[in-house]
1. Can you tell which of Leu103, Leu122, Leu73 shows the greatest fluctuation in a Gaussian network model of the chain with Cα springs below 10 Å?
2. Taking Cα centroids, how far is the stretch 46-72 from the stretch 103-125 in Å?
3. As I understand it, the value is the acute angle between the Cα axis of helix 7-27 and the longest principal axis of the Cα atoms of the chain; what does it come to in degrees, rounded to 10?
4. In whole Hz, with x marking every Gly and Pro, tabulate ³J(HN,Hα) for the stretch 66-72 from phi via Karplus 6.51 cos²θ - 1.76 cosθ + 1.60, θ = phi - 60°.
5. Amide H neighbours of Cys5 under 5 Å, at least 5 residues apart or on other chains, H built in the peptide plane: list them.
6. Report, in deg cm²/dmol and to the nearest 500, the calculated mean residue ellipticity at 222 nm for the chain, where each DSSP H run with n ≥ 4 adds -39500 (n - 2.57) and the sum is divided by the residue count.
7. Quick one: compute the contact order of the chain, relative version, from alpha carbon pairs under 8 angstrom and 6+ residues apart, as a percent.
8. Just to be sure I understand, if you calculate Kirkwood radius over Cα pairs in Å for this structure, which of (i) 16.9; (ii) 16.1; (iii) 14.8 do you get?
Amino acid sequence: MILTCNFEEVTALTHGARAFLSERAESSSPVVAPCETWGAVESLLSQLSGDLSVRTLLDQRQLFLAVEAVVELLREEMDSGVVATHAASEEAVSAYFEYAHALSVMGRVREMGEEMSALVELMTGALPDDAMTRTFMFPD
């Protein structure tokens, strides 16, 4: 399945993913292995050149995990911008639009997962299990 993203959404996700990885790299111990979210965000960043191909339900879940982390970071940046300046400052408004674009993508990724799960259940007669999330392929 294809997740269509416009230029503003790709830009917001790219900024958020880079900020997430940068912020987490500065605060994490070199001994601790990267968490699942870190890997998901790295994977997302490497794919952000336009529309995203989501082949399996596992891919969708990893994408949702990454976008959710980016949305949370962008929300925090928006909150900080408003508190540091005021609601109508250029910084706060810019942060709002980045957050809103990423939030919009997160909503579509969530819907995609619901549709993918429903299709798996319809075609197999059962809820998707762990094996099915990795092996049931959705064409683009």
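1. Among Leu103, Leu122, Leu73, the largest GNM mean-square fluctuation belongs to Leu122.
2. For the stretch 46-72 versus the stretch 103-125, the Cα centre distance is 13 Å.
3. That helix lies at roughly 80 degrees to the long axis.
4. Going residue by residue, I get 5, 5, 4, 5, 5, 4, 4 Hz, with x marking Gly and Pro.
5. Asp51, Leu52
6. Mean residue ellipticity, 222 nm, calculated: -25000 deg cm²/dmol.
7. Reported relative contact order: 33 percent.
8. Answer label, from the structure shown: (ii).
Any read-out appearing in this document is the output of simple, stated calculations on the displayed coordinates, not a laboratory observation. The structure displayed is predicted, hence computed values, not measured ones. FYI the Cβ positions are ideal-geometry reconstructions off the backbone, even for glycines, and counts take in every protein chain you see.
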